[in-house]
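Working notes for the structure below.
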Amino acid sequence: QKEVEQNSGPLSVPEGAIASLNCTYSDRVSQSFFWYRQYSGKSPELIMSIYSNGDKEDGRFTAQLNKASQYVSLLIRDSQPSDSATYLCAVGGNNAGNMLTFGGGTRLMVKP
Amino acid sequence: GAGVSQTPSNKVTEKGKYVELRCDPISGHTALYWYRQSLGQGPEFLIYFQGTGAADDSGLPNDRFFAVRPEGSVSTLKIQRTERGDSAVYLCASSSRSPGELFFGEGSRLTVL
């Protein structure tokens with residue numbers, strides 16, 4: 001049974017701070033890793049994907065992957081109130097369809 | 001349309017009834033996925049289509065659930081003899097680029113009374 005674990009939060013940070021979101025996964029053969037953002041009452045939207053160990057930066061977002069520790073994280077710099085949402089970590093295998101296993105999500109609150 | 005379209009957006013039904021949920025993916029996307037999301041949880045995989053065929057239906061919880069995609073575009077998720085535990089938001093997603101980079105519809109909220 002593949003598992004993806006996230007702290008449900010809420011994680012509360014002040015505006016302008018760095019928000020750090022963490023995720024661990026159980027399946028060592030996982031090949032692809034994603035962060036989705038989900039606003040309340042809305043559907044998930046992809047914000048980052050990462051496939052190799054190390055860091056990947058996109059604007060204010062940085063994804064970090066450590067396959068040896070089975071750990072993936074998302075850093076949000078200069079957090080804004082509009083970043084307040086639930087962040088879902090998703091892990092894919094090496095199958096053709098790459099079905100994703102999602103974590104339960106971490107709720108982030110950015111306070112002005 | 002530009003995005004994934006799902007209908008109905010809300011469906012209230014009684015225990016034991018039959019329900020159909022429809023998904024119209026982004027034009028040209030060959031991969032289509034159904035997920036189910038309960039309150040406070042992440043999406044749970046149900047079934048994946050590549051073209052017309054169900055490439056992986058391992059996430060369907062039991063034989064009351066069935067999905068089709070007869071022409072490789074629109075898909076219908078069918079739930080027979082609904083139970084209160086089926087209440088959730090049913091999300092459809094499509095993909096054309098890298099597998100795992102999914103575009104989700106707004107979901108169909110199913111409530112079984």
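Brief remarks follow.
- For the range A:1-88, the calculated P(r) over all alpha carbon pairs, in 5 Å bins from 0 to the bin holding the longest distance, is 3, 13, 25, 26, 19, 10, 3, 1 percent.
- Ranked A:LEU108, B:LEU32, B:LEU113, criterion: other C-beta atoms within 10 Å, fewest first: B:LEU113, A:LEU108, B:LEU32
- Taken over the protein assembly as shown, the convex hull of the Cα atoms encloses 122 Å³ per residue.
- Here r is the Cβ-Cβ distance between B:VAL68 and A:ASN7 and R0 is 45 Å; the resulting FRET efficiency, rounded to 0.05, is 0.70.
- The range B:8-74: GluC sites (Glu not before Pro) in DSSP loop, at most 10 other beta carbons within 10 Å: B:GLU14, B:GLU71
- Contact order normalised by residue count of chain A, Cα under 8 Å, 6+ apart, percent: 38 percent
- Per-residue ³J(HN,Hα) for the range A:74-89, Karplus 6.51 cos²θ - 1.76 cosθ + 1.60, θ = phi - 60°, Hz, x for Gly and Pro: 10, 10, 10, 8, 6, 4, 10, x, 5, 7, 4, 5, 9, 10, 9, 8
- Binned Cα-Cα distance frequencies in the range A:49-101 - 10 Å width, integer %: 20, 47, 28, 4
- Measure of compaction for chain B (Cα Rg per 2.2 N^0.38 Å): 0.99
- Long-range HN-HN contacts of A:MET48 with modeled amide H, under 5 Å: A:TRP35
- Each Lys or Arg adds one and each Asp or Glu takes one away; over the other residues whose Cβ falls under 15 Å from the Cβ of A:VAL91, this sums to -2.
- Relative contact order [Cα under 8 Å, 6+ residues apart], the range A:52-112, whole percent: 25 percent
- With the simple spin-label model, which puts each label point 7 Å out from Cα in the Cβ direction, the A:LYS111 to A:SER52 separation comes to 4.1 nm.
- Neighbour-count ranking [beta-carbon atoms within 10 angstrom, fewest first] of A:ASP27, B:ASP24: A:ASP27, B:ASP24
- Qualifying trypsin sites (Lys or Arg not before Pro) for the range A:1-44 [loop in DSSP, other Cβ within 10 Å: at most 16]: A:LYS2, A:ARG28, A:LYS42
- Where GluC sites (Glu not before Pro) fall in DSSP loop in the range A:1-110, at most 14 other Cβ within 10 Å: A:GLU3, A:GLU15
- The order of B:VAL12, B:VAL112, A:VAL4, going from fewest to most other C-beta atoms within 10 Å of their C-beta, is B:VAL12, B:VAL112, A:VAL4.
Coordinate-derived values only; no laboratory data. Just so it is clear, the structure is predicted and the values come from calculations on it, not from any experiment. Here the Cβ is made from the backbone with ideal geometry for all residues, glycine too, and neighbour counts use every protein chain on show.
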